[in-house]
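The values are calculated or read from the model by the stated rules, or taken from the named source; none is laboratory data. Quantities reported herein were computed from a predicted structural model and do not represent experimental measurements. FYI the Cβ positions are ideal-geometry reconstructions off the backbone, even for glycines, and counts take in every protein chain you see.
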Ligand code: SF4
């Protein structure tokens, strides 16, 4: 056994907004302290394998890695393959999957032991296991894979400590409510420590203890508990070069986060208000200053990962960056529609602006507490076209009360009319079907929105609900009205 911690980023995250921030922040902290931590991105490794398999070789390597201008099917396929192998059959029907996965964890305990995930097997084939394996869970869809991997690691390397970390491990709060102590112990036998988000200091402390061969007392490292030390050094990141070869641009992406939480924080479908309820900002000069220096040094692109950059801050960033490198950010439509704002931001180097549009139906927009108008959308498209700014428009279909006819009409407008009206505009439409996530207001007050939750499972952040049948094949349909 070797005295180091292996930090793993698990599979099934789309890199559509640059490299993952969590593991980068953890690595940065450990490197500052010279701690023996190695980083392995199994998501990245799995994608490399997928890109090389014959049936999928036609896809460009950058396809699943975050080029907004292309579709990204590879990860969906990989996830579907994996879940089918595990025994979650009929993947298209989440309700069936949830029914099979009994709350008493039978399903998890009975994962078919013969199932393998090549990148994990390769890791387990090495002769000298690390003293600890830590998983940085970035999104809910990675949780099942991590449970599977933890089982395999326990089996093969019983002495190795296992840590699960990330905001989504906070689902254990729900877990506590739903299962009894006996069942909890089954689950807890798989892991030694749970760490809930923004815990770089605590992770460094864990890595130090591992390196010194000190005992790790089982527990959850959360606010108020033993050794909770939320990140205090700001949100800068340096560990990004590993991704360089796979982004379509030859310029490496440098992720940076200058705030936690969301200043708007009201949208009824969103879990941000729960996962990161307090909006905190860091000084633009301080954080961007460090990262700008790095990005300039390696001729990179700054990927600003803040959930929502409001108008004032967008301009502050533009003034600070001053066109020294290209950068990307995410905002809301009303901010982007303010006259002159796009022009000023582009003059400051803004290359791509992502907008959480969600819907172009004003009534629905008000209902989900994200009021935005078509007039604002036109203004933004016009300005983006004029200033050669790339737009990414995120939309959600199947919002409560939306009919198939309305959705088809709006989709036709976005996919067909918009390109005709703005022929020189570079934009990508990122389409999603509504997911009901625990913690979001939709899930807390479902009857208010005509939503009926049907099944939930402790390991799933998503709740099955009476999703309109038309949404099932909606995205696969040709866009015709
Ligand atoms: S959807 Fe975006 S703007 Fe709305 S609360 Fe969530 S992060 Fe904030």
Problem set entry | Within segment 350-363, considering residues that are surrounded by 20 or more Cβ atoms within 10 Å (Cβ to Cβ) and not in a strand (DSSP E or B), the one farthest from the ligand (Cβ to nearest atom) | 360
Exercise. With respect to the numbered conditions (1) at pLDDT 95 or above; (2) buried (at least 20 other Cβ atoms within 10 Å of the Cβ); (3) away from the ligand (no atom under 16 Å from the Cβ), which one is the sole condition not fulfilled by residue 327?
Worked result: (1)
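Please pick out the residue among 378, 428 that is assigned by TED's automatic domain parsing to the domain that holds residue 275 and at pLDDT 95 or above. Walk me through how you get there before you give the answer.
Details: 428 fails: at pLDDT 95 or above.
On inspection, the qualifying residue turns out to be 378.
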Exercise. Do we find that residue 389 is more than 30 Å from residue 466 (Cα to Cα) and in the same structural domain as residue 333 (by TED's automatic domain parsing) in this structure?
Worked result: yes
For this session: Pairs only if they're at least six apart or on different chains, beta carbon under 6 angstrom, first in segment 142-153 and over 16 Å from residue 168 (Cα atoms), second at pLDDT 80 or above and part of a helix (DSSP H, G or I); list them, first residue then second.
Result: 149/120
For this session: Would you confirm whether any residue within segment 294-312 is more than 16 Å from the ligand (Cβ to nearest atom), out of contact with any helix residue (DSSP H, G or I) (no Cβ under 6 Å at 6 or more places or on another chain) and free of Cβ contacts under 8 Å to residues at least 24 places away in the same chain?
Result: yes
Exercise. Could we say that residue 288 is more than 13 Å from the ligand (Cβ to nearest atom), surrounded by 18 or more Cβ atoms within 10 Å (Cβ to Cβ) and in a helix (DSSP H, G or I) here?
Worked result: yes
Problem set entry | Number of positions in segment 329-341 that are under 27 Å from residue 397 (Cα atoms) and either part of a helix (DSSP H, G or I) or not assigned by TED's automatic domain parsing to the domain that holds residue 312 (or both) | 4
Exercise. Of the residues 220, 238, 251, which single one is in a strand (DSSP E or B) and at pLDDT below 80?
Worked result: 220
Exercise. Consider residue 150 against the criteria (1) modelled with pLDDT of 85 or more; (2) under 30 Å from residue 436 (Cα atoms); (3) in contact with a helix residue (DSSP H, G or I) (Cβ under 8 Å, 6 or more places away or on another chain): it satisfies all of them except one. Which criterion is unmet?
Worked result: (3)
Problem set entry | When residues of segment 391-414 are limited to those that are within 16 Å of residue 473 (Cβ to Cβ) and in contact with a strand residue (DSSP E or B) (Cβ under 8 Å, 6 or more places away or on another chain), the one surrounded by the fewest Cβ atoms within 10 Å (Cβ to Cβ) | 398
Seminar exercise, completed: In segment 274-285, residues that are within 16 Å of the ligand (Cβ to nearest atom) and either free of Cβ contacts under 8 Å to residues at least 40 places away in the same chain or not in a helix (DSSP H, G or I) (or both) total 6
Exercise. Within segment 404-418, is there a residue that is under 27 Å from the mean Cα position of the chain (by Cα), in the same structural domain as residue 253 (by TED's automatic domain parsing) and under 21 Å from residue 310 (Cβ atoms)?
Worked result: no
Exercise. Taking helices (runs of 4 or more DSSP H) that fall entirely within segment 1-94, which contain at least 2 residues that are at pLDDT below 80?
Worked result: 42-52, 74-86
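Quick one: which strands (runs of 3 or more DSSP E) sit completely within segment 392-481 and have at least 3 residues that are under 26 Å from residue 375 (Cβ atoms)?
Of the strands (runs of 3 or more DSSP E) lying wholly inside segment 392-481, those with at least 3 residues that are under 26 Å from residue 375 (Cβ atoms) span 427-433.
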Exercise. Among the residues of segment 270-278, is there at least one that is surrounded by fewer than 20 Cβ atoms within 10 Å (Cβ to Cβ) and at pLDDT below 70?
Worked result: no
For this session: Kindly indicate whether residue 334 is more than 19 Å from residue 412 (Cα to Cα), within 11 Å of the ligand (Cβ to nearest atom) and touching a helix residue (DSSP H, G or I) at 6+ places or on another chain (Cβ under 9 Å).
Result: yes
